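One structure below.
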Ligand SMILES: Cc1ncc(COP(=O)(O)O)c(C=O)c1O
């Protein structure tokens, strides 16, 4: 670091890796086209975006068309929570999250609750783990979303996502996991975890 201090907050964000910088440099300097433009500069940018989408899908065991680029983890989490409900019929919707989710899940929950959405916050045990049975007990006929993080940003506790996703699936409920602290640190495969939606954050893995 320029001031001689030691940076130890890599869970908050990471510097861009030299190989990522090399890969990105042409697109920042000369290959700056709008990927929606139909002339060669735009088409080359579009090819690069689609290649990135494919590589990310491969990294997390998803299909290419399932990858959506947003500004970061907070926007993704907000989009999941707010995208699941129709606020004109807010009281028709019930959501389950854990008490230890990141603020980018908990704050949208408060926003939705103020507008009439019902939300249950699941407790964790002494090691910070969610009990899947507690999640199942809270399910109601109008539960539209369960969102439980994969790895916690403060304790590092890994949640039993595979078990919870099975419960969600058996009730036909959409399941989201915030994997912002997991991808790049442990192997994560969206398909074998059985999740419908997953948040990841490139700036936490040197991208
Ligand atoms: C678990 C978790 N989810 C979401 C976020 C938010 O991600 P971003 O900083 O990309 O908005 C963070 C950031 O620290 C996080 O740790």
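The values are calculated or read from the model by the stated rules, or taken from the named source; none is laboratory data. Note that this is a predicted model, so its numbers are computed, not measured. Here the Cβ positions follow ideal geometry from the backbone for every residue, glycine too, while neighbour counts run over all protein chains shown.
Among the residues of region 153-167, is there at least one that is away from the ligand (no atom under 16 Å from the Cβ) and without any contact (Cβ under 8 Å) to a residue 24 or more places away in the chain?
No; the residues of region 153-167 include none that is away from the ligand (no atom under 16 Å from the Cβ) and without any contact (Cβ under 8 Å) to a residue 24 or more places away in the chain.
Could you grab me the full set of residues in region 132-156 that are crowded, with 16+ Cβ neighbours inside 10 Å and part of a loop (DSSP other than H, G, I, E, B)?
139, 148, 149, 150, 152, 153
Restricting to region 73-93, and then to whatever is part of a loop (DSSP other than H, G, I, E, B) and under 16 Å from residue 176 (Cβ atoms), can you tell me which residue is farthest from the ligand (Cβ to nearest atom)?
The selected residue is 93.
Any residue that is part of a loop (DSSP other than H, G, I, E, B), on the phi < 0 side of the Ramachandran plot, in contact (Cβ under 8 Å) with a residue 40 or more places away in the chain and not assigned by TED's automatic domain parsing to the domain that holds residue 182 - is there at least one of those in region 48-68?
yes
Checking residue 96 against (1) assigned to a loop (DSSP other than H, G, I, E, B); (2) more than 16 Å from the ligand (Cβ to nearest atom); (3) touching a strand residue (DSSP E or B) at 6+ places or on another chain (Cβ under 7 Å), which test does it fail?
Among (1) assigned to a loop (DSSP other than H, G, I, E, B); (2) more than 16 Å from the ligand (Cβ to nearest atom); (3) touching a strand residue (DSSP E or B) at 6+ places or on another chain (Cβ under 7 Å), residue 96 violates only (1).
Would you confirm whether or not region 78-90 contains a residue that is surrounded by fewer than 16 Cβ atoms within 10 Å (Cβ to Cβ), touching a helix residue (DSSP H, G or I) at 6+ places or on another chain (Cβ under 8 Å), without any contact (Cβ under 8 Å) to a residue 12 or more places away in the chain and assigned by TED's automatic domain parsing to the domain that holds residue 192?
yes
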